[in-house]
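Undergrad: Sharing a structure with you now.
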Ligand SMILES: *Cc1c(COP(=O)(O)O)cnc(C)c1O
């Protein structure tokens, strides 16, 4: 299987090249030229397999330049019970809110307690194999822009991985205290963490610019290095995310929650549009998804886009209690638009150029029609987020984080508006303990909160009796290794200096 750039169809690469490079030279994103189609017999076979078996099947159909042994090794090393707290790294939890049934896909049982681990525990294995196949002898420099969770998950995945170095940029005031502490205490000899004076979009734009600046690429090449990405612009990030939608469907059939062949909806708390895009890709392979419900926080640029077909990032940027969704430029929307525009690189290039220059574009009527048919967009503010956490905990004893709560709230809005009761999978993207303050305020609104992050963790544990994930508990008392803060404009210089190649 080969991959194209969304902005230049003549750029054709193998899977290994797409993963090693991360982003196309023209600034476009790599997409598969076609999607494998799973028939009934294939799904029947997947029903009988465990998560790893399902992952191996999906990987083998997309990574056709990898051997079966290589894929086996990647999957076995990534999804161990030790790292994910059980045999199924992505288990379902079934609960409800009022009359609304909630089928919650818990994606946060990995080492950094966010769904990013599902992809970032396997990406380093895929990347080192891809480097061998395509750029033997070169070291990969992984540049990451993070709204909080990708950074830590990438650091943890890549720490001390041979032939890689990783540099993470996060918005100085845009992540939770736990997220910041997780990153700044990161161990490993090949890791660098730096805050930027700007928001996530600034970090992401800065990183993309560094990737596509020829002089910087040359400097790296002279030193036997090349850039790669651990953001969801990298195909190696998206592919592992397709697996858990297929696996969740199989689990729901096996659990008797749906019958084989039944349609489902998916509900995804969305930032960069990677997670929801993975569910859309799963549907292209045959997963029977009726509706994609895209949940946003107050940064509701995607809600407006889905409702009007106009993407306009020229708006106020809100810092919310679901910081991993505080994004106004959703990178992976580019991949959806490419597909919906009939794989047109010129149309995609036009829209993305407009986004870059005037911050706005409007899609064609045909694309609007498909989006209207398949997607529902909704959003909720911080107050409703906390109200949702509170109701779900008080009524059902189920504790969720702020991002998941946005999804639950938007799903309730969807059901109320449409009356559609199609069984729906709700992606739960983080442990509530990554956002203890906001979650505590929700479930214990009349309490006086302690001052330090870890006292809040303990108090949340007292109030809810939900176990604190070991990786977070283990950070208590750990001193920070990193404290750098840089201007956005100085990011290129920072990178060269961190690599010692100024
Ligand atoms: C990254 C993240 C999201 C957003 O996912 P995208 O793939 O960027 O849309 C939602 N919730 C949490 C907790 C995250 O870390």
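Only the coordinates and a few stated rules stand behind these numbers; no lab work does. Everything numeric in this text was worked out from a predicted model, so none of it was measured. Cβ sites come from the backbone with ideal geometry, for glycine too, and all protein chains shown count toward neighbours.
Undergrad: Taking 0.36 nm per residue of separation and subtracting the Cα-Cα distance, what length does fully extending residue 458 through residue 312 add?
TA: So the chain would gain 48.4 nm between residue 458 and residue 312.
Undergrad: With a Förster radius of 22 Å, plug the Cβ-Cβ distance of residue 447 and residue 473 into 1/(1 + (r/R0)^6) and report the FRET value to the nearest 0.05.
TA: So, using R0 = 22 Å, E works out to roughly 0.55.
Undergrad: Starting from the Cα of residue 396, step 7 Å along the direction of its Cβ; do the same at residue 481; then give the gap between the two resulting points in nm.
TA: Result: 4.0 nm between the two label points.
Undergrad: For the range 18-79 and the range 129-144, what is the separation of their Cα centres, given in Å?
TA: Using only Cα atoms to place each centre, the spacing works out to 19 Å.
Undergrad: How would you rank 377-384, 119-126, 150-157, highest first, on the average number of other Cβ atoms within 10 Å across their residues?
TA: Those peptides, ordered most packed to least, come out 150-157, 119-126, 377-384.
Undergrad: A follow-up question, please. When a/c reaches 1.5 or more, the comparison of a/b and b/c decides; with that in mind, is the range 291-332 rounded, prolate or oblate per its Cα gyration tensor?
TA: Oblate shape, in that a/c is at least 1.5 and b/c is the bigger or equal ratio.
Undergrad: Quick one: which of 215-227, 341-353 comes out on top by average Cβ neighbours within 10 Å, and what's the full order, highest first?
TA: The peptides rank, most packed first, as 341-353, 215-227.
Undergrad: Nearest 0.05, what FRET efficiency do residue 254 and residue 96 give at R0 = 22 Å with Cβ-Cβ as r?
TA: Result of the calculation: an efficiency of 0.65.
Undergrad: Any idea what the relative contact order of the range 19-84 is, in percent, if you count C-alpha pairs under 8 Å spaced at least 6 apart?
TA: Dividing the mean separation by the residue count of the range 19-84 yields 22 percent.
Undergrad: Further question on the same structure: How high is the FRET efficiency between residue 49 and residue 263 when r is their beta carbon distance and R₀ equals 25 Å, given to the nearest 0.05?
TA: 0.65
Undergrad: Hey, fewest Cβ within 10 Å first, where do 169, 273 land in order?
TA: 273, 169
Undergrad: Still on this model: Using helices alone, I'd like the mean residue ellipticity at 222 nm for the chain: each DSSP H run of four-plus residues gives -39500 (n - 2.57), total over residue count, nearest 500.
TA: -13500 deg cm²/dmol
Undergrad: For the range 171-311, with equal point scatterers placed on the C-alpha atoms only and solvent neglected, what are the log10 I(q)/I(0) values from the Debye formula at q = 0.12, 0.13, 0.18 1/Å, to two decimals?
TA: -0.73, -0.83, -1.21
Undergrad: Please report, in whole Å³, the volume per residue of the convex hull around the C-alpha atoms of the range 106-260.
TA: Output value, Cα hull per residue: 130 Å³.
Undergrad: Averaging sequence separations of C-alpha pairs under 8 Å and six or more residues apart, then dividing by the length of the chain, give the relative contact order as a whole percent.
TA: Once normalised by length, the contact order is 19 percent.
Undergrad: Would you work out the relative contact order for the range 258-345, in percent, from Cα pairs under 8 angstrom that are 6 or more residues apart?
TA: So the answer I get is 31 percent.
Undergrad: Between residue 353 and residue 381, what is the spin-label point distance in nm, taking each point 7 Å from the Cα along the Cα→C-beta axis?
TA: 4.0
Undergrad: Wrap a convex hull around the Cα atoms of the chain, take a quarter of its surface area, and give that in square nanometres.
TA: Orientation-averaged projected area of the Cα hull: 21.3 nm².
Undergrad: Another question about this same structure. Label residue 132 and residue 83 with points 7 Å out from Cα along Cα→Cβ: what is the distance between them in nm?
TA: Distance between label points: 1.7 nm.
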